[in-house]
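Take a look at the structure below.
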Amino acid sequence: MMNAMGFKWKACHWGHVIFLLLSIFISLCSYGQSIQDLSSIDVDELSDEQLRTLVRRAEEAGLSEAELIQMAQIRGVPQEEIDKLRERLEGLDLIVSSSGSADRPSKRKPRRQFDLNEITRGMIDPGEKDLDKEEKEEYFGMSLFYSKNRRLTFEPNLNMATPMNYVIGPGDMLYIDVYGQSEKYYEVYVTPEGNVLLDNIGPINVSGLSVDEVSNVLKSRLSRFYTGLAGSDPNTFLQVSLGNIRTIQVHLVGEVRLPGTFTLSAFSTVFNALYAAGGPNENGTMRNVKLVRNNKEIATIDIYDFLMNGRANMERQLQDQDIILVEPFEGRVSLKGEIKRPRIYEVKSEETLEDLLKYAGGFTDEAFRERIGVTRITDKEKAISDVFKDQFGFFMVKGGDSYEVGKVLDRYTNRVQIKGAVFREGNYSLSEGMTLTQLIKKAEGLRGEAYTKRITLLRTKEDLSPEMKQYDLGAILKGNQPDVPLRAEDIVRIPSIYDLNEDFYVKIAGEVRQPGVYPFAEDMTVEDLIMQAGGLKEAASRTDIEIARRSSANTARDYSEIIPVSVAQDLSLNPNPIRLQPFDNIAVRRKTNFALEKTVQIEGQVKAPGVFSLRHAEERISDIITRSGGITEFAYAKGATLIRRTEFYQTESEKIQKQRNLRNLLERLNLDFEDPTESQAMLLSRLAKALVEREDEFMVDAEEAIIAAREGLLGDIAESRAGISPVKIKETEAIAIDLETILKHPGSRFDLILEEGDIISIPRQLQTVRLRGDVIYPTTVRYENFRSMSYYINRAGGFDNRAKRRRTYVVYANGEVARTKNFLLFNVFPKVEPGAEIIVPTKGPRVPIRPGELVGLTTGLATIALLLTQIFN
C-alpha cells in the first residue's frame, strides 16, 4: 500500500516536489546562509542523494503547497530548470509517508505554531525598486508591513486554551476525553464531509458548529453508550479540546504587494493575511480594506484605526475562501513642517484638518499654531489658502492637498539684555515703562568694578539697523540726569574698570619656592610677594634682592631702574617697606658660595670603600684614600682608574635632589608614624603638599640648556664636515692615574683634585693579558714577567696577513695607552703590564685596482719618464 501511495505521489506531485526543493533553499536564506540565486540554479550539478535529502527536509518542514508555490513564484525559477528537475525526480524512487490518520497514538502534541516571518522572509526583497526606504517612511503606516526586521506579525497564539466560540471545520483535530466512572480517549480529524468517526459509534457531523456546540452534540450521542453522561447527577464527564487546527485559504487581491492565495491558520485575522502578502503597495488603500465572504462584503478594516487607537479587530477571524480586497487609495495629502510625524497621509471624505493633525501626532514645541498654509489642486491649477486655528475643526481635507506648518519667529517681543559689570547678566522681560535703573535693579545691581561714567545702549531701529547711545550712569543714579526708558531688544552694556586698563601683574624669580607671575595689588610689598611665592629657599640671600622697575625716563638708553632691597629672615613687617608697582620684576639671589654637599666614591681594594663627602674644594685622591683606610695588600695600584663625569653628564639638579629627599623622608615617616599624633599628621600633610608642588614644576635648569647647546654644536660640526663620523657623546670617561706615585708623593701634580661624582676604582692584582684585533687567534693569556709584546703576539698565533704591525698599541689597566714606536726600520713595541690589552689594527679590505686606474697610473709614469728623458737630453 505504501508503494502504491508513493507511486501515486510521484506521478501527480512533481511540481510540488520542485517547490519543496525551492522552499528548502529559501529557508536556508532565512537562516542567513549564503547560497546562489535560484534563478541561476544548475540542476545538472545536483546529485540523486542531494535531491532525496531535499525532498525529505521539505516533508519535515511541513509547509503547505500554497505557501511553497507563492515563494517559488517570487524567487523566479526558470522553466527550463523546472523541466530538468521533473525529469530527474521521475527517475528516483521517492516514497513519501502519509499522515493524517484518525487512529494516531494517544500522545497529544502541541499545536504547530505558524511563523509568518519564516513564510514570507525572502519573498520580498528589502531593496525593491518600486518602493525604496525613503518612500516607505514617507507614507504613514507603510513601515508597519515593509520594515526590514519585522517584529509585529499579528500572529495568533495557537497554544492558548480552546476558545468555545471557535467554529469547527474539515481538517481540525479534536481531542475527546471521557473520564469519570467510564474512561475513553478519542483523537480524530474532521473529514472533508464535516464528520468525526468514533470507534463503534459511527460518524457524527460537527462542521459549522462551535466547540461548545460540538461538546453538547457529542455528549448527547455518547450518552447512549456511556449512561453516566446523562441525568441530573452524572458520574461520567466529557471534554472536547482542539488539537492541530485546520488551515484555510484566503485570497488577497487588488493593490497588495504580493497578490494571490495564502494558506493561513484558522485563527488568522485580516492583519495576518495582509502581513503575509507584504501589505498594501504604494497605490493601495490603508483606510478601506474590504473583507468579502460568500460574495458579500462583511467588514471594512481601517489600518489607521489600529495605528492610532490600537484596535486590530482580532476577534474577527477569517474563514476558508475569504477574499481580502485592497482597493486603490481614495486620496492622499502631504503634511510637513513643525509636526511630530511629517508624512503623506491617506484621508477619507469628510475628514477635517483636525483629524489629520491627530494622525500626525500634533504640533512640535516650536510650531506656529495659529495658521497652516495649504496648497490645493483645483480643476485647472493650484491655489494657496490659509487655514486658521479656529477653522481646523471644520476645514475638509481633499486628496492632493499639501499642508505646511510653520515655525515661530526667532525673535522676542519683550526682551531686553544687560551685560557687563552687574551681578546677573542676561535676558529680562520688558515691562511697560521700564527704565534703565529698573533693569539694573532686576540684575541685582552693579558690581564694585563697574565704570559708570560711560555706558552704552545698543538699540534696534524700526528699519532693523543698529543705533548706539551713550549715557553717564553715575549722573543718572545721582538724579542729575533723567532716567532712560527702554525699548524691546535694547542691549545695555556696563563696562568694568578692568576692561579699560591693562591687567597689572608682578613677577618674581630666583631662590623662591614658586617663582612666576602674580597679580598686582595696591600697597603690595616685596615680603607679600615672597609669601605668595611660597617663601624663600634655603639658598636664598635675604640681603641680595633686586627690584627691576620699568624705567620712567623718556630716553631710549635706560631700560629699567634697579632697586636693591633686603628682607627679614621671618618676613616680618618692615616699618619702611618698599611698595611694588605694576610690572615690577623681583630677583632673589643665591647666597655667596652656597652649594649642596659634594660626594665622591671609592671602590675596590681599599679598607673602607664607599661614598665620601668632600670637605673642601682642594681635596685630592690621596686624601680620600687616607680617609678610606688606605689600600689593601691585594690592591693593584697600577690599575687604578679615576672615572669622571663629562660636561654632558645629566647632573641631578638641586630641585630634583630636594624632591628625592622629601620623598624618602615622607616614606620613612609613614613607616614610623603608624598612629600619628596631630602634629605628626600635620607634618606628613605639609611634606606631601610640598612634594606635589615640586612635581608640578616644569622649569628647565640652566645646566640642562648648556648641555643641550653643546650637543647641538657637536652634531652640527659632524654634519658639516665630510669624513667625520657622528660624535659619540659620553656622560663619563676614564682618566688614567698613577696611584703608586700619588701615594708616594701626596699633593703632587699626579695627585688630582677631586670633583663632584668622581669614582676611584682600585682593582685586585691582575695576572692576564688580553689580545684583540688582527691576530690569528684573539685570546687572553697569562702574564709573565720580563716578556716582550712579541711573546704575547706569538701566543695568539702571530699577526694576521692584513695586520698593521707598526700601529699596534697597548691599553694598560689604568686606562693609559702606549703605541709602537719606529726606529729606522725596526719596530719598538711598548712594555706589557698585568691587565693590559694588546690591540692590533687591521689594514682593512684589499681593494683591487680597476682597469681605468691602472691605465691612468701607467700613463702618468710614462709621461714622467718622457719628461725626465727630455730634461737630461
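The values are calculated or read from the model by the stated rules, or taken from the named source; none is laboratory data. No experiment lies behind these values; they were computed from the predicted model shown. So basically every Cβ, Gly included, is an ideal-geometry build from the backbone, and we count neighbours across all protein chains shown. In case anyone asks, the SASA skips ligands and DNA or RNA and just uses the protein heavy atoms, side chains included. Shrake-Rupley method; radii C 1.70, N 1.55, O 1.52, S 1.80 Å.
Determine whether the range 465-479 contains at least one residue that is touching an Asp or Glu at 6+ places or on another chain (Cβ under 9 Å) and assigned to a loop (DSSP other than H, G, I, E, B).
So far as the range 465-479 goes, no, none of its residues is touching an Asp or Glu at 6+ places or on another chain (Cβ under 9 Å) and assigned to a loop (DSSP other than H, G, I, E, B).
At pLDDT 90 or above, open to solvent by 10 Å² or more (accessible area, probe 1.4 Å) and of a type outside the set (D, E, K, R): does that describe ASN801?
Numbers: at pLDDT 90 or above: no; open to solvent by 10 Å² or more (accessible area, probe 1.4 Å): yes; of a type outside the set (D, E, K, R): yes.
Answer is no for this residue.
Among the residues of the range 186-234, write down those that are of a type in the set (Lys, Arg) and in contact (Cβ under 8 Å) with a residue 12 or more places away in the chain.
LYS219, ARG221
Within the range 217-236, can one find any residue that is touching a Ser or Thr at 6+ places or on another chain (Cβ under 7 Å) and under 26 Å from VAL270 (Cα atoms)? Talk me through it step by step, then tell me what you get.
Step one: list which residues in the range 217-236 are touching a Ser or Thr at 6+ places or on another chain (Cβ under 7 Å), which gives 226, 228-230, 236.
With under 26 Å from VAL270 (Cα atoms) added as a condition, the list becomes none.
Scanning the range 217-236 turns up no residue that is touching a Ser or Thr at 6+ places or on another chain (Cβ under 7 Å) and under 26 Å from VAL270 (Cα atoms).
Do you know which of the residues in the range 737-752 that are assigned to a helix (DSSP H, G or I) and touching a residue at least 60 places away in the same chain (Cβ under 8 Å) is nearest to the chain's Cα centre (by Cα)?
That would be LEU739.
Using the structure shown, decide if ALA533 is exposed (fewer than 14 other Cβ atoms within 10 Å of the Cβ) and over 30 Å from ARG454 (Cβ atoms). Quick ask: steps written out before the conclusion?
Working: exposed (fewer than 14 other Cβ atoms within 10 Å of the Cβ): no; over 30 Å from ARG454 (Cβ atoms): yes.
For ALA533, the condition - exposed (fewer than 14 other Cβ atoms within 10 Å of the Cβ) and over 30 Å from ARG454 (Cβ atoms) - is not met.
Give the residue, chosen from VAL840, VAL832, that is of a type in the set (A, V, I, L, M), open to solvent by less than 80 Å² (accessible area, probe 1.4 Å), at negative phi and out of contact with any Asp or Glu (no Cβ under 8 Å at 6 or more places or on another chain). If you could, list the steps in order and put the result at the bottom.
On the way: VAL840 fails: out of contact with any Asp or Glu (no Cβ under 8 Å at 6 or more places or on another chain).
That would be VAL832, the only listed residue that is of a type in the set (A, V, I, L, M), open to solvent by less than 80 Å² (accessible area, probe 1.4 Å), at negative phi and out of contact with any Asp or Glu (no Cβ under 8 Å at 6 or more places or on another chain).
Filter the range 765-798 down to residues that are within 22 Å of LYS638 (Cβ to Cβ) and among the aromatic types (Phe, Trp, Tyr) and give me whichever is most open to solvent (accessible area, probe 1.4 Å).
Per the criteria, the residue is PHE786.
Within the range 447-483, can you find the residues that are open to solvent by 80 Å² or more (accessible area, probe 1.4 Å), within 50 Å of the chain's Cα centre (by Cα) and either closer than 23 Å to ARG424 by Cβ or at pLDDT 95 or above (or both)?
Hit for the range 447-483 is GLY448, nothing else.
Scan the range 758-767 and tell me whether some residue there is under 22 Å from GLY835 (Cα atoms) and without any contact (Cβ under 8 Å) to a residue 24 or more places away in the chain.
Our first condition is that a residue be under 22 Å from GLY835 (Cα atoms); within the range 758-767, this holds for 759-767.
Within this subset, residues satisfying the condition of being without any contact (Cβ under 8 Å) to a residue 24 or more places away in the chain are none.
Among the residues of the range 758-767, not one is under 22 Å from GLY835 (Cα atoms) and without any contact (Cβ under 8 Å) to a residue 24 or more places away in the chain, which makes the answer no.
From the list LYS389, LYS382, LYS407, which one is of a type outside the set (S, T, N, Q), exposed (fewer than 13 other Cβ atoms within 10 Å of the Cβ) and touching a residue at least 60 places away in the same chain (Cβ under 8 Å)?
Details: LYS389 fails: touching a residue at least 60 places away in the same chain (Cβ under 8 Å); LYS382 fails: touching a residue at least 60 places away in the same chain (Cβ under 8 Å).
After applying the criteria, what remains is LYS407.
Please specify each residue of the range 329-370 satisfying the condition of being open to solvent by less than 40 Å² (accessible area, probe 1.4 Å) and either free of Cβ contacts under 8 Å to residues at least 12 places away in the same chain or not in a strand (DSSP E or B) (or both).
If the condition is that a residue be open to solvent by less than 40 Å² (accessible area, probe 1.4 Å) and either free of Cβ contacts under 8 Å to residues at least 12 places away in the same chain or not in a strand (DSSP E or B) (or both), then GLY331, VAL347, GLU351, LEU353, LEU356, LEU357, TYR359, ALA360, GLY361, GLY362, THR364 are the ones that fit.
Suppose we keep only residues that are among the aliphatic types (A, V, I, L, M) and touching a Phe, Trp or Tyr at 6+ places or on another chain (Cβ under 7 Å) within the range 781-812. Which one would you say is nearest to ILE742 (Cα to Cα)?
Restricting attention to the range 781-812, the residues satisfying the condition of being among the aliphatic types (A, V, I, L, M) are 781, 789, 793, 796, 803, 810-811.
Pick out the ones that are also touching a Phe, Trp or Tyr at 6+ places or on another chain (Cβ under 7 Å) and you get 781, 789, 793, 796.
Details: VAL781: 30, MET789: 28, ILE793: 32, ALA796: 35 Å.
Going through the qualifying residues, I end up with MET789.
Taking VAL326 as the residue in question, decide whether it is open to solvent by less than 30 Å² (accessible area, probe 1.4 Å), outside any loop (DSSP other than H, G, I, E, B), within 20 Å of TYR359 (Cβ to Cβ) and touching a strand residue (DSSP E or B) at 6+ places or on another chain (Cβ under 7 Å). Lay out the reasoning, then the answer.
Values: open to solvent by less than 30 Å² (accessible area, probe 1.4 Å): yes; outside any loop (DSSP other than H, G, I, E, B): yes; within 20 Å of TYR359 (Cβ to Cβ): yes; touching a strand residue (DSSP E or B) at 6+ places or on another chain (Cβ under 7 Å): yes.
Spelling it out, VAL326 is indeed open to solvent by less than 30 Å² (accessible area, probe 1.4 Å), outside any loop (DSSP other than H, G, I, E, B), within 20 Å of TYR359 (Cβ to Cβ) and touching a strand residue (DSSP E or B) at 6+ places or on another chain (Cβ under 7 Å).
Which one is nearest to GLY169 (Cα to Cα) among residues in the range 205-238 that are β-branched (Val, Ile, Thr) and crowded, with 18+ Cβ neighbours inside 10 Å? Spell out the reasoning first.
Applying the first criterion (β-branched (Val, Ile, Thr)) to the range 205-238 yields 206, 211, 214, 217, 227, 236.
Of the ones still in play, those that are also crowded, with 18+ Cβ neighbours inside 10 Å are 206, 211, 214, 236.
Values: VAL206: 7, VAL211: 10, VAL214: 11, THR236: 27 Å.
Looking at the filtered set, the residue picked out is VAL206.
Which of the numbered conditions does GLU561 fail, given that it passes all the others? Conditions: (1) in contact (Cβ under 8 Å) with a residue 24 or more places away in the chain; (2) within 21 Å of GLY516 (Cα to Cα); (3) among the charged types (D, E, K, R).
(1)
All but one of (1) buried (at least 18 other Cβ atoms within 10 Å of the Cβ); (2) closer than 21 Å to ARG644 by Cα hold for VAL817, so report the exception by its number.
All conditions are met except number (1).
Restricting the range 401-435 to residues that are modelled with pLDDT under 90 and not hydrophobic (A, V, I, L, M, F, W, C), which is farthest from GLU449 (Cα to Cα)?
Result: ASP410.
When you look at LEU274, is it aliphatic (A, V, I, L, M), open to solvent by less than 10 Å² (accessible area, probe 1.4 Å), under 30 Å from GLY406 (Cα atoms) and outside any loop (DSSP other than H, G, I, E, B), yes or no? Can you show your working first?
Working: aliphatic (A, V, I, L, M): yes; open to solvent by less than 10 Å² (accessible area, probe 1.4 Å): yes; under 30 Å from GLY406 (Cα atoms): no; outside any loop (DSSP other than H, G, I, E, B): yes.
When the stated conditions are applied, LEU274 does not pass them.
Could you count how many residues in the range 768-795 are in contact (Cβ under 8 Å) with a residue 40 or more places away in the chain and part of a loop (DSSP other than H, G, I, E, B)?
Residues meeting the conditions: 4.
Can you tell me which residue among ALA568, ALA509 is open to solvent by less than 50 Å² (accessible area, probe 1.4 Å) and either closer than 30 Å to GLU444 by Cα or assigned to a strand (DSSP E or B) (or both)? Outline the logic, then answer.
On the way: ALA568 fails: either closer than 30 Å to GLU444 by Cα or assigned to a strand (DSSP E or B) (or both).
Answer to the check: ALA509.
The conditions are (1) over 30 Å from ILE762 (Cβ atoms); (2) open to solvent by 40 Å² or more (accessible area, probe 1.4 Å); (3) at pLDDT 90 or above, and PHE673 fails exactly one of them. Which is it?
All conditions pass for PHE673, except number (3).
Checking the conditions here, which among LEU144, LEU131 is in contact with an Asp or Glu (Cβ under 6 Å, 6 or more places away or on another chain) and either modelled with pLDDT under 85 or under 30 Å from GLY310 (Cα atoms) (or both)?
Values: LEU144 fails: in contact with an Asp or Glu (Cβ under 6 Å, 6 or more places away or on another chain).
Result: LEU131 is the single residue among LEU144, LEU131 that is in contact with an Asp or Glu (Cβ under 6 Å, 6 or more places away or on another chain) and either modelled with pLDDT under 85 or under 30 Å from GLY310 (Cα atoms) (or both).
Looking only at strands (runs of 3 or more DSSP E) that lie completely in the range 595-659, which have at least 1 residues being in contact with a Leu (Cβ under 6 Å, 6 or more places away or on another chain), open to solvent by less than 40 Å² (accessible area, probe 1.4 Å) and modelled with pLDDT of 90 or more?
Numbers: elements: 599-604, 610-613, 641-645.
Passing ranges, in order: 599-604.
So, of the residues in the range 239-252 that are assigned to a strand (DSSP E or B), among the hydrophobic types (A, V, I, L, M, F, W, C) and over 51 Å from the mean Cα position of the chain (by Cα), which turns out to be surrounded by the most Cβ atoms within 10 Å (Cβ to Cβ)?
Here is the first cut: in the range 239-252, the ones assigned to a strand (DSSP E or B) are 239-242, 247-252.
Adding the requirement that they be among the hydrophobic types (A, V, I, L, M, F, W, C) leaves 240, 242, 248, 250, 252.
Subsequent filtering for residues that are over 51 Å from the mean Cα position of the chain (by Cα) retains 240, 242, 248, 250.
Numbers: VAL240: 23, LEU242: 22, ILE248: 21, VAL250: 25.
So the residue we want is VAL250.
For VAL517, state whether it is loosely packed, with under 15 Cβ neighbours inside 10 Å and closer than 18 Å to ILE547 by Cβ. First the steps, then the outcome.
Working: loosely packed, with under 15 Cβ neighbours inside 10 Å: yes; closer than 18 Å to ILE547 by Cβ: yes.
Criteria met by VAL517.
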